[in-house]
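Scroll down for the structure; my scribbles are underneath it.
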Amino acid sequence: MINLKSWFLLAILSVFLCTTLGSDAVDSVLRRLDSKRAQSVVQESAAKGVLQRLLPAHSHSFEFKIVSKDLCGGRSCFRITNYKSSRRNSPEILIQGTTAVEIASGLHWYLKYKCGAHISWDKTGGVQLASVPKPGALPLVEARGVTIQRPVPWNYYQNVVTSSYSYVWWDWQRWEKEIDWMALQGINLPLAFTGQEAIWQKVFLDYNITTQELNNFFGGPAFLAWARMGNLHAWGGPLSQNWLNIQLALQKRILSRMQELGMTPVLPSFSGNVPAALKKIFPSANITRLGDWNTVSGDSRWCCTFLLSPSDPLFIEIGEAFIQKQIKEYGDITDIYNCDTFNENTPPTDDPTYISSLGSAVYKAMSKANSNAVWLMQGWLFYSDSKYWKPPQMEALLHSVPRGKMIVLDLFADVKPIWKSSSQFYGTPYIWCMLHNFGGNIEMYGVLDAVASGPIDARTSENSTMVGVGMCMEGIEHNPVVYELMPEMAFRGRKFQLQGWLKSYSRRRYGKVNDQIEAAWEILYHTIYNCTDGIAFHNTDYIVKFPDWDPSGKTGTGISGTDMSNQNRMQQLSGFQWNRRFLFSEKSSSLPKPHLWYSTEDVIKALKLFLDAGKELSGSLTYRYDLVDLTRQSLSKLANQVYLDAISAFHHEDAKALSLHSQKFLQLIKDIDKLLAADDNFLLGTWLESAKNLAMNSDETKQYEWNARTQITMWYDNAKYNQSKLHDYANKFWSGLLEAYYLPRASMYFKLLSRSLEEKLDFSLLEWRKEWIAYSNKWQESTELYPVKAQGDALAIATVLYEKYFS
């Protein structure tokens, strides 16, 4: 029996050896992946395509050239020089790169730092390219050129649920824009999960599982991420053959473009999640039915999925078949596969030997199909289930595969870095990741200091095994400042002055120097974008996550997040323990508090500065987006206080004050809805129409719209008096949703509250639940149309609202 002191000494020696051997192994992986890349001429053409779509008038102003890593000291890099030619109409700027991604990154770097341009998602204001001079007048770089090396090889992108919260309704046109954005941001290791259900269909049909049985296995379009993880089945389904075919065809286009640009896509692998029918076909297989995941009553129609143990030989057989099918469909394009068998699924024993055997089996399922396979694993489990994953258990899992055959995503490193407390993941290569967003919520939030310094600190730390940076947000298209800074860290090897970077950012984003805007960003940097309290979940404002709470304090029927978490961790199932991902049921006897980490008074000052800059910047789409978002956030935080004032009036039995404050709360919802309606990027209609546009018939239209409406509201199942445990998890500040959904819900609550006071009766929480849950279910099923084009003058509306509420 080894004692803890001896284990600690062995662990130190192990880390040293792993760090040394792991570095060589990573180099070997990189060489193999380089051999899979498209030919130089294909990559150069793909980079030209990015330029053509971004700046068509400048398509002849740049020359692109793929070069060897030898030009960059053996690393990936881009190099920007002035093009030397005496010919008329020759290119002006030469950008060389080790892949097309490096070339695109070099183009982006040049446009940012020589032309003052800005590139963000369309839904966060889009691009600011007015500052780019016309062809023939592009600014020169210094004579020796600009060479930027990657300090670490990989720039990872996506969370396993981003595919549901953000990408679910995308067509190729939208995907093409996203892949261009990825390339410009230097992303070379993107998750590629689209269309995998079509591959699973092929795999399971070979095991004599019927289409009907697969209908009970796959989730609906908006819930595929959780069906893939084994959290649920059938919810929102079934998937039509149209969906399966279209998504598979889309995946092929996505992978083709990624490969043309020199990216390495990360494909899915088998985690053990299987259809119920497999247990009947293989009755002796080690298949366990998991426990309930957030249903209101354990409804077997969608709860309690089946997990095939990695220790069963059938696990390796199915895992091998799945990867072989992918290689057959897509070609031999990658060696990196994602698998998260142990994410929220705790092994039945903490015996390190047993854990090592499970990890070895998971990897074997990959390597039998691809002998060069590398297992990419989310490190979320080491944070979310830290009571189980102590050092011996972590090391057993991390060392269960050959050296260099596992890469860990330090998923929440921007707030809770695991590399610091795990001796660099015990020598296992890892990627420093920013999680940042949950549920695709719209909330201005960031930890810019941590983003600007964390990756550098990790990379330069003693015995560092960091091999990349990454963005693992659950949803995208928000907080553009965060998503400009984070990918840039893939190219920054040394500390830099963040406040100076922010000043440059504001000039690029709006295309002009403006003193008020720069002063506003100085405030935002110290407030909204300087959250240091470590709280994970942000957008819980009362408008979008209205409290399920009895203010009389006479009921206490709920389970708090902490109680729920402990309860789940104690729940033992035959072999495996199930840990819920979402722990948000409110406690009826205590009022949940929205997350607030900054001075609202200071942020209102920043809003005033933004408004003062409006005369000069009103024509800028990026300015308009930021103005609307900042005004929305300020009003939402005000609404939190107004709600508390209404509750205080109820406690003091002041009917007049209750009426005053409740009406003010409802008016704030209406006013925010009107504000959001003035910008194309905050519209419910866009989300719903994009869902319906993918449908091939009327049945699919109805199903897809229900999926789209349900995900952003009730999310999961409910009962007559019990809302979904995940209600409002994916809440959105979208015009149409506020007035049609959040407003009626709050109105019902305050109406009952006022009646309770007037008639001196106890507040009936159950009556409110019954009324608003019925309303929600009706809304989820409805088909009314919502605008897809902005209406109104955003600056004028924001100015009026500032005067109304803050002056």
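Structural remarks
- Taken as a whole, the stretch 159-170 holds at least one residue that is under 30 Å from residue 246 (Cα atoms), without any contact (Cβ under 8 Å) to a residue 40 or more places away in the chain and assigned to a loop (DSSP other than H, G, I, E, B).
- So residue 291, is it in contact with a Ser or Thr (Cβ under 8 Å, 6 or more places away or on another chain), open to solvent by less than 20 Å² (accessible area, probe 1.4 Å) and closer than 26 Å to residue 715 by Cα: no
- Inter-residue pairs, beta-carbon under 6 Å, first under 17 Å from residue 323 (Cα atoms) and part of a helix (DSSP H, G or I) and in the stretch 355-368, second modelled with pLDDT under 95 and open to solvent by less than 50 Å² (accessible area, probe 1.4 Å), 6+ apart: 361/310; 362/310; 362/341
- Neighbours by Cβ (under 8 Å, 6+ apart or cross-chain): first from the stretch 339-354, open to solvent by 60 Å² or more (accessible area, probe 1.4 Å); second in a loop (DSSP other than H, G, I, E, B): 348/575; 348/576; 350/388; 350/390; 354/347
- For the stretch 599-637, the set of residues classified as open to solvent by 60 Å² or more (accessible area, probe 1.4 Å) and within 28 Å of the chain's Cα centre (by Cα) consists of 621, 624, listed by residue number.
- Matching option when the condition is among the basic types (Lys, Arg), closer than 28 Å to residue 780 by Cβ, open to solvent by 10 Å² or more (accessible area, probe 1.4 Å) and modelled with pLDDT of 95 or more, among 257, 228: 228
- Residue under evaluation residue 511, criteria (1) surrounded by fewer than 21 Cβ atoms within 10 Å (Cβ to Cβ); (2) within 25 Å of residue 734 (Cα to Cα); (3) not aromatic (Phe, Trp, Tyr), criterion not met: (2)
- Of the residues making up the stretch 464-521, just one is in contact with a Gly (Cβ under 6 Å, 6 or more places away or on another chain), of a type in the set (A, V, I, L, M, F, W, C) and under 18 Å from residue 128 (Cα atoms), namely 482.
- Segments classed as helices (runs of 4 or more DSSP H), wholly inside the stretch 638-746, with at least 1 members that are free of Cβ contacts under 8 Å to residues at least 40 places away in the same chain, closer than 13 Å to residue 543 by Cβ and open to solvent by 10 Å² or more (accessible area, probe 1.4 Å): 655-676
- A single entry from 54, 140, 107, 111 fulfils the requirement of being at pLDDT 95 or above, within 30 Å of residue 627 (Cα to Cα), of a type outside the set (Lys, Arg) and open to solvent by 20 Å² or more (accessible area, probe 1.4 Å): 54.
- Against the list (1) within 18 Å of the chain's Cα centre (by Cα); (2) free of Cβ contacts under 8 Å to residues at least 12 places away in the same chain, the condition residue 471 fails is (2).
- Residue within the stretch 773-781 that is assigned to a loop (DSSP other than H, G, I, E, B) and either surrounded by 17 or more Cβ atoms within 10 Å (Cβ to Cβ) or not β-branched (Val, Ile, Thr) (or both) present: no
- Per-region count, the stretch 37-51, residues open to solvent by 30 Å² or more (accessible area, probe 1.4 Å) and not in a loop (DSSP other than H, G, I, E, B): 6
Matching residues to (1) surrounded by fewer than 20 Cβ atoms within 10 Å (Cβ to Cβ); (2) touching a Lys or Arg at 6+ places or on another chain (Cβ under 9 Å); (3) more than 30 Å from residue 178 (Cα to Cα):
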| site | (1), (2), (3) |
| --- | --- |
| 388 | yes, yes, yes |
| 403 | yes, no, yes |
| 407 | no, no, no |
| 423 | no, no, yes |
| 426 | no, no, yes |
| 437 | no, no, no |
| 442 | no, yes, no |
| 449 | yes, no, no |
| 471 | no, no, no |
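- Of residues in the stretch 260-292 being among the aliphatic types (A, V, I, L, M) and more than 30 Å from residue 51 (Cα to Cα), the one modelled with the lowest pLDDT: 290
- Within the stretch 268-297, residues that are more than 24 Å from residue 236 (Cα to Cα) have Cβ atoms under 6 Å from residues that are hydroxyl-bearing (Ser, Thr, Tyr) and buried (at least 18 other Cβ atoms within 10 Å of the Cβ) in these pairs: 286/309, counting only partners at least 6 apart in sequence or on another chain.
- The stretch 404-436: number of residues that are in contact with a Cys (Cβ under 6 Å, 6 or more places away or on another chain) and within 21 Å of residue 160 (Cα to Cα): 6
- Breaking point among (1) more than 27 Å from residue 302 (Cα to Cα); (2) aromatic (Phe, Trp, Tyr); (3) at pLDDT 95 or above; (4) not in a helix (DSSP H, G or I), for residue 750: (4)
- A count restricted to the stretch 198-225 and to residues that are crowded, with 23+ Cβ neighbours inside 10 Å and either among the charged types (D, E, K, R) or farther than 23 Å from residue 324 by Cα (or both) stands at 5.
- Residue tally, condition assigned to a loop (DSSP other than H, G, I, E, B) and farther than 15 Å from residue 380 by Cα, over the stretch 337-347: 1
- Of the residues examined, residue 311 is not one that is touching a strand residue (DSSP E or B) at 6+ places or on another chain (Cβ under 6 Å), in contact (Cβ under 8 Å) with a residue 24 or more places away in the chain and open to solvent by 10 Å² or more (accessible area, probe 1.4 Å).
The values are calculated or read from the model by the stated rules, or taken from the named source; none is laboratory data. Owing to the predicted nature of the structure, the values given are computational and were not obtained by experimental measurement. For neighbour counting, all protein chains shown are included, and Cβ atoms are generated from backbone atoms with ideal geometry for every residue, glycine included. Please note that ligands, DNA and RNA were not included when accessible areas were found on the heavy atoms of the full protein model with its side chains. Shrake-Rupley method; radii C 1.70, N 1.55, O 1.52, S 1.80 Å.
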